[in-house]
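Accompanying notes for the structure given below.
The values are calculated or read from the model by the stated rules, or taken from the named source; none is laboratory data. Note that the structure is predicted; figures quoted are calculated from it, not measured. Using ideal geometry, Cβ is built from the backbone for each residue, glycine included, and neighbour counts are taken over all protein chains shown.
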Amino acid sequence: MKLFPDKEKRKNFMKSGLPVVLAVVWTPIVWMTLASFLGPAMEHMIGWWQVNVSILVVATLLVMVALIRLFKIAGLKFFDKVD
């Protein structure tokens, strides 16, 4: 791999940097998915778009924290075995 010629640098990036990059990339996708599934129901129940957006922000942050933890666990599981 030209970007990381040293295997140790590549392993460190996979453990720490890649989960954060994936979380940043997936945040808009998670936001749109939650907004499309939960938005209409919350609009009927609550009625105020400000409260709906606030709830969606919190839900998106919780999902992204869970995904970051999952990516880190997967990274440690797969890339600790790299020789």
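Here are a few things to note about the model shown:
- When residues in the range 59-76 are screened for being free of Cβ contacts under 8 Å to residues at least 60 places away in the same chain and either small (Gly, Ala, Ser) or under 15 Å from residue 33 (Cβ atoms) (or both), 9 of them pass.
- Boolean, residue 43 is among the acidic types (Asp, Glu), at pLDDT 85 or above and assigned to a helix (DSSP H, G or I): yes
- Screening the candidates 18, 56, 67, 62 for the property of being among the aliphatic types (A, V, I, L, M), surrounded by 13 or more Cβ atoms within 10 Å (Cβ to Cβ) and modelled with pLDDT of 90 or more yields one hit, 56.
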